[in-house]
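> What follows is a single structure, and I will ask about it in a moment.
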Amino acid sequence: SSDLIPFGSSAVNSVRWWDAFSSRFDEIGKKIRGNGIRVSMHPGQYTVLNSPKEEVVARAISDLAYHARILNCLGVGPENKIVLHIGGAYGDKAQAAGRFIRNFSRLPAPVQNRLVVENDERIFDIADVLSIADTLRIPTVFDNLHHTINPPGRTESDACWIQACRATWGVRDGRQKIHYAQQDPLKRPGAHAQSIRIREFLHFYDSLGAKKPDIMLEVKDKNLSAIKCINCVSAERNPLDLRSEWGRYRDTVLEKSPEDYAAMERLLSAEGRYPAVAFYELLEHALGKEATAESFIAAAKRVWGFFSEQATQAEKKAFLAGLSGYGSGCRTGDSVKSFLRKLAVKYDQSELMRSTYFLF
């Protein structure tokens, strides 16, 4: 996160935070390195290296140095990157690109060694960014959603542009990385979807050929979609992985669609099968529905069962009163679930807390 250290790059911050938190950085860095994770940082929209205003450029250089210092504090190699957009056009895109190239030379070496550039959805398309990256000899990140909204004049496929970007990644940069996102159909162009639609993702994934890049999902539900995609493309087809996923989503599906709940139980009942794509398509279908009063109460009662024997009489009375109030319209579903969540924490129901029931 760019916000890991508040005011980390600001002149008002006189704290030597890299020393103050060195033990925490070391702890996190060991976890990253020990699990084979590659991390990246993506400075915000106000970090503009090609601005015509010197004070904006100076702040951008300071902010990029802050990001590089974070990664250095974690002890991670140069394959852990800082991703940056080129910036604004300011009335002359060619001049703006030239400013970016000139100002790159002002960056400290630790920043130059980690910086990668990405196409955006309004100004600098993938062809523009590749040209800049070739001049600077730095890697390019292809973003499919930005590319859909802001394509160059040529009509090559996504796979062709990804192949062109691959040539900008050197050995020290690690595997090529791309960004993948899907459009939220209910929001403005460029808004990321709440969850990855698996069929759409698999169509894109299959188009990439045998040599796949690292794919970073830009999606609202983050790791939930990542696990979904991994389970559908992994060569290791363990039915227990889908059972684990079902445990995560079961109560949410029951709340939204008892019919899909029953269909999911049937789908997973055949021993030894690994119907990952069908599982997630059914899950997407269920999560797209709105709960009825009956289905909400059925799911709440099932969740109550996790701690019904431990709960006090006062808690049982409060739960029944909450359900009655919800049924009559005097209480909201959120208030009922908030009460259940408190009980899940109190009675240490870790399985329930890892589920999605309190997220949707």
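The values are calculated or read from the model by the stated rules, or taken from the named source; none is laboratory data. What you are looking at is a predicted structure, and each value in this text was computed from that prediction instead of being measured. A quick note on method: Cβ atoms are made from the backbone with ideal geometry, for glycine too, and the neighbour counts reach across all protein chains shown. For the accessible areas, the whole protein counts, side chains as well, though only heavy atoms, and no ligand, DNA or RNA atoms are used. Shrake-Rupley method; radii C 1.70, N 1.55, O 1.52, S 1.80 Å.
> Collect residues whose amide H, placed 1.01 Å from N in the peptide plane, falls under 5 Å from the amide H of H192; neighbours closer than 5 in sequence don't count.
Excluding prolines and chain starts, which carry no amide H, the hits are D184.
> Enumerate the amide H contacts of S2 below 5 Å, restricted to partners 5 or more residues apart or on another chain; note that Pro and chain-start residues carry no placed amide H.
Excluding prolines and chain starts, which carry no amide H, the hits are H42.
> Now for a different question. Pairing the Cα long axis of helix 22-34 with the longest principal axis of the chain, what angle in degrees results, from 0 to 90 and rounded to the nearest 10?
80 degrees
> Would you mind counting up the charge near N103? Only other residues with Cβ under 14 Å from its Cβ, with Lys and Arg at +1 and Asp and Glu at -1.
Residues near N103 contribute +2 overall.
> When only DSSP loop residues count, what trypsin sites (Lys or Arg not before Pro) in region 231-305 have their Cβ near at most 16 other Cβ atoms within 10 Å?
For trypsin sites (Lys or Arg not before Pro) across region 231-305 that sit outside H, G, I, E and B with at most 16 neighbouring Cβ atoms in 10 Å, the list reads R237, R273, K289.
> For V253, what charge total do you get from the other residues with a beta carbon under 12 Å from its beta carbon, if Lys and Arg give +1 and Asp and Glu give -1?
That works out to -2.
> Magnitude of the Cβ-charge dipole of region 233-360, K/R +1 and D/E -1, about the Cα centre, nearest 20 debye?
For this selection, approximately 460 debye.
> Send over a whole-number figure in Å² for the accessible area per residue of region 125-164, probe 1.4 Å.
43 Å²
> With θ set to phi - 60° and the Karplus curve 6.51 cos²θ - 1.76 cosθ + 1.60, what are the ³J(HN,Hα) couplings of region 214-221 in order, to the nearest whole Hz, using x for Gly and Pro?
Using θ = phi - 60°, the values come out as 5, 10, 9, 7, 9, 8, 5, 8 Hz.
> Here's something else I'd like to know. Over the chain, what percent of the accessible surface lies on carbon and sulfur atoms, probe 1.4 Å?
The value for the chain is 53 percent carbon and sulfur by accessible area.
> Next up: I'd like the Karplus ³J(HN,Hα) series for region 291-297: coefficients 6.51, -1.76, 1.60, θ = phi - 60°, whole numbers in Hz, and an x wherever there's a Gly or Pro.
So the J values, rounded to whole Hz, are 5, 8, 4, 5, 6, 4, 5.
> Next up: With a bin width of 10 angstrom, please list the P(r) values of region 194-335 as percents of all Cα-Cα pairs, from the 0 bin to the one holding the largest distance.
Result returned by the calculation: 10, 33, 29, 18, 8, 2, 0.
> Around L115, which amide H atoms from residues at least 5 apart in sequence, or from another chain, sit under 5 Å from its own amide H, with H modelled in the peptide plane?
When sequence neighbours closer than 5 places are left aside, the close amide H contacts are I82.
> Still on this structure: Would you work out which of V15, G44, H146 lies farthest towards the positive end of the dipole of region 1-155, given +1 charges on the beta-carbon of Lys and Arg and -1 on that of Asp and Glu, about the Cα centre?
The Cα lying farthest towards the positive end belongs to V15.
> Relative to the Cα centre, what is the charge dipole magnitude of region 14-154, using +1 at the beta carbon of each Lys and Arg, -1 at the beta carbon of each Asp and Glu, and rounding to the nearest 20 debye?
In total the dipole reaches around 380 debye.
> Over the C-alpha atoms of the chain, what are the Rg and the largest Cα-to-Cα span, Dmax, in Å?
Looking at the chain, its Cα Rg and Dmax stand at 24.3, 73 Å.
> Now for a different question. Charges on Cβ only, +1 for Lys and Arg, -1 for Asp and Glu, centred on the Cα centroid of region 89-229; of V129, V117, F204, which one is farthest towards the dipole's positive end?
With unit charges placed on the Cβ atoms, the residue in question is V117.
> Treating the beta-carbon of each Lys and Arg as +1 and of each Asp and Glu as -1, no other charges, what is the dipole magnitude of region 75-185 about its Cα centre, to the nearest 20 debye? Walk me through the numbers before you get to the answer.
Details: 13 positive and 13 negative charges, 111 e Å.
The dipole of region 75-185 has a size of about 540 debye.
> What is the sum of charges around K220, taking Lys and Arg as +1, Asp and Glu as -1, for the other residues whose C-beta is under 15 Å from the C-beta of K220? Kindly include the intermediate steps, with their values, before the conclusion.
Numbers: positive: K187, R188, R197, K222, K228; negative: D184, E218, D221, E284.
Charge balance in the 15 Å sphere: +1.
> Per residue, how many Å² of accessible area does region 1-59 show with a 1.4 Å probe?
Per residue, region 1-59 has 70 Å² of solvent-accessible surface.
> Using θ = phi - 60° and the Karplus form 6.51 cos²θ - 1.76 cosθ + 1.60, what ³J(HN,Hα) does each residue of region 55-62 get, whole Hz, x for Gly and Pro?
Going residue by residue, I get 5, 5, 4, 4, 5, 5, 4, 5 Hz, with x marking Gly and Pro.
> Might you tell me the accessible area per residue for region 283-360, computed with a 1.4 Å probe and given in Å²?
For region 283-360, the solvent-accessible area averages 59 Å² per residue.
> Which one, A276, L340, S1, projects farthest toward the positive side of the charge dipole computed for the chain from Cβ point charges (K/R +1, D/E -1)?
Of A276, L340, S1, it is S1.
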